[in-house]
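The values are calculated or read from the model by the stated rules, or taken from the named source; none is laboratory data. What you see is a predicted model; the values in this text were computed from it and never measured. FYI the Cβ positions are ideal-geometry reconstructions off the backbone, even for glycines, and counts take in every protein chain you see. Heavy atoms of the whole protein, side chains included, go into the accessibility calculation; ligands, DNA and RNA do not. Shrake-Rupley method; radii C 1.70, N 1.55, O 1.52, S 1.80 Å.
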Amino acid sequence: MKPWLARQAYSLLLRLGTPAYLWRVWARGREEPAYRADWPWRLGWYGRAYCEAVRRAPGRPVLWLHAVSLGEARAAAPLVQALRAQRPGMRLLLTHTTATGREAGRALLQEGDLQTWLPYDTPGAVRRFLRLHRPQVGVLMETEVWPNLQHEARRAEVPMVLANARLSEKSLRQGLRMGALMQPAAEVMSLCLAQTSTDADRLTRMGAPLVRVVGNVKFDMTPATALLSLGRSWQATSDRPVVLAASTREGEEPGLLAAWRVACKEADPAAVLPRLWIVPRHPQRFDEVAELVRAAGLSLSRRSAWPDGRPDAAAQAADVWLGDSMGEMPAYYAAARVALLGGSFAPLGGQNLIEAAACACPVVMGPSTFNFAEAAELSEAAGAALRVQDWPEGVAQARRVCEPAVNAAMSSRALDFAHTHRGAAHAMAEAIWAVAQAGCSGR
């Protein structure tokens with residue numbers, strides 16, 4: 001199929017599916033009310049107050065950055081800091097797709113900045129978005145490439161950069177199967193800033209014309225001192241060492257809880273048993289995970305129920321703690337002796353383990369880490385992480401890492417690993433502003 005025809009067919013399907021899309025957003029708002037906030041903005045329909053806010057600071061260069069969800073919003077922090085350092089007068093336009101991403105993104109805003117939803121990828125919604133905001137350059141984080149967004153940005157002469165770019169082999173195969181639609185979108189990218197040479201090769205095969213390897217900006221993330229202090233206070237308060245199950249995904253907790261129960265039964269009665277602390281990746285699953293813990297016959301204490309934010313006597317008596325708060329991941333890592341990496345014990349590709357290393361928390365990861373393949377391999381090679389095949393082995397290794405001598409060595413190596421690979425944010429910011437400047441000169 002010819003590319004223009006593929007995009008027309010895609011656009012027609014999206015238009016026909018708009019009612020279903022809006023219903024899905026509204027339904028998601030039952031569990032996360034923030035999804036229902038400003039929902040017309042998702043179609044590029046903005047109220048008078050927002051439009052007036054957009055027009056309030058003429059003359060300042062608008063840099064548009066899209067951080068789809070929580071992970072991308074967190075990763076964007078050092079990049080935004082570097083961008084502001086190189087162009088202090090910039091105005092940030094921040095877009096998201098998820099409620100958690102939007103909430104995390106608020107911390108990146110300064111006076112005069114803007115925040116809205118990424119428009120639904122229909123031609124009209126995207127045109128309205130670009131016509132109102134008129135960004136000097138658009139930056140998409142990691143994997144976000146949309147056919148109409150790319151097409152309309154090119155028509156509006158907005159150069160587009162894919163920053164901290166990664167592309168798995170599976171995503172490449174899917175993209176090539178839809179080549180008539182996705183390859184033209186990749187081809188109009190002004191620049192792709194890849195995490196690794198493997199990512200760069202895949203992006204080139206996808207059709208990206210200009211790709212540079214600059215590293216992973218997540219190494220430049222600096223955990224907030226206040227959160228690290230909070231986590232260390234939890235660690236000092238706990239009467240047992242903490243094993244953190246970090247960012248667990250649906251389907252992982254039953255296997256974890258079963259392995260944990262077996263390990264506790266087989267443990268030496270005289271030994272001090274570690275405490276399990278589960279932090280689900282998605283907040284809408286907090287209650288579900290709480291029920292899974294109780295169904296496993298384990299007592300539970302929820303972070304949100306602690307008086308003054310500190311574990312009380314009831315919490316100390318619980319078998320499992322549930323991390324049901326947002327924005328406190330560095331504190332959870334700082335409280336733990338070791339983290340079991342959620343998303344890696346099911347075929348989901350794992351989660352970002354760099355944040356754990358930056359908090360001096362060793363990691364035990366399962367077999368599935370394709371979303372962060374190089375970081376996983378480097379951390380394992382550096383002695384900051386261990387790889388296992390399943391939950392029973394993972395729980396056994398996590399308990400071993402809780403031993404003081406093993407923990408001290410791995411914590412030190414984790415911190416060294418995190419610091420060794422810094423510098424991507426500055427390089428990305430320089431490249432993005434160069435593209436922006438070239439785009440302005442070409443208009």
- Note on the structure: Given the conditions (1) assigned to a helix (DSSP H, G or I); (2) open to solvent by less than 10 Å² (accessible area, probe 1.4 Å); (3) of a type in the set (S, T, N, Q), every one holds for residue 344 apart from (1)
- Can you name the condition, by its number, that residue 74 falls short on among (1) surrounded by fewer than 21 Cβ atoms within 10 Å (Cβ to Cβ); (2) touching a residue at least 24 places away in the same chain (Cβ under 8 Å); (3) out of contact with any Gly (no Cβ under 7 Å at 6 or more places or on another chain)? (1)
- Restricting the range 348-373 to residues that are modelled with pLDDT of 95 or more and over 19 Å from residue 221 (Cβ atoms), the residue that is surrounded by the fewest Cβ atoms within 10 Å (Cβ to Cβ): 367
- Task: Could you check how many residues of the range 243-284 are touching a Lys or Arg at 6+ places or on another chain (Cβ under 8 Å), more than 22 Å from residue 347 (Cβ to Cβ) and open to solvent by 30 Å² or more (accessible area, probe 1.4 Å)?
- Result: 2
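Every residue, every condition in (1) in contact (Cβ under 8 Å) with a residue 12 or more places away in the chain; (2) of a type in the set (A, V, I, L, M, F, W, C); (3) open to solvent by 40 Å² or more (accessible area, probe 1.4 Å), yes or no:
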| site | (1), (2), (3) |
| --- | --- |
| 287 | no, no, yes |
| 290 | yes, yes, no |
| 296 | yes, yes, no |
| 299 | yes, no, yes |
| 308 | no, no, yes |
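If only one of 85, 53, 125, 107 is of a type in the set (A, V, I, L, M), open to solvent by 20 Å² or more (accessible area, probe 1.4 Å) and at pLDDT 95 or above, which one is it? Even if it seems obvious, please write down each step before you answer.
Numbers: 53 fails: at pLDDT 95 or above; 125 fails: open to solvent by 20 Å² or more (accessible area, probe 1.4 Å); 107 fails: at pLDDT 95 or above.
Being of a type in the set (A, V, I, L, M), open to solvent by 20 Å² or more (accessible area, probe 1.4 Å) and at pLDDT 95 or above holds for just one of 85, 53, 125, 107, which is 85.
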- Query: Can you name the condition, by its number, that residue 146 falls short on among (1) open to solvent by less than 50 Å² (accessible area, probe 1.4 Å); (2) under 29 Å from residue 347 (Cβ atoms)?
  - Reply: (1)
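Hey, among 181, 140, which residue is open to solvent by 10 Å² or more (accessible area, probe 1.4 Å), among the hydrophobic types (A, V, I, L, M, F, W, C), over 25 Å from residue 420 (Cβ atoms) and outside any loop (DSSP other than H, G, I, E, B)?
Numbers: 140 fails: open to solvent by 10 Å² or more (accessible area, probe 1.4 Å).
Testing whether each residue is open to solvent by 10 Å² or more (accessible area, probe 1.4 Å), among the hydrophobic types (A, V, I, L, M, F, W, C), over 25 Å from residue 420 (Cβ atoms) and outside any loop (DSSP other than H, G, I, E, B) leaves just 181.
If you check residue 64 against the conditions, is it within 24 Å of residue 143 (Cα to Cα), open to solvent by less than 50 Å² (accessible area, probe 1.4 Å) and touching a Pro at 6+ places or on another chain (Cβ under 6 Å)? Give the derivation first.
Working: within 24 Å of residue 143 (Cα to Cα): yes; open to solvent by less than 50 Å² (accessible area, probe 1.4 Å): yes; touching a Pro at 6+ places or on another chain (Cβ under 6 Å): yes.
Judged against the criteria, residue 64 is a match.
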- Query: Does at least one position in the range 185-207 carry a residue that is crowded, with 17+ Cβ neighbours inside 10 Å, free of Cβ contacts under 8 Å to residues at least 40 places away in the same chain and touching a Cys at 6+ places or on another chain (Cβ under 8 Å)?
  - Reply: yes
- Are any of the residues in the range 427-442 in contact with an Asp or Glu (Cβ under 6 Å, 6 or more places away or on another chain) and surrounded by 21 or more Cβ atoms within 10 Å (Cβ to Cβ)? no
- Looking only at the range 322-340, which residues are touching a Phe, Trp or Tyr at 6+ places or on another chain (Cβ under 6 Å) and open to solvent by 10 Å² or more (accessible area, probe 1.4 Å)? 324
- Which helices (runs of 4 or more DSSP H) does the range 246-317 wholly contain that include 2 or more residues that are of a type in the set (Val, Ile, Thr)? 286-295
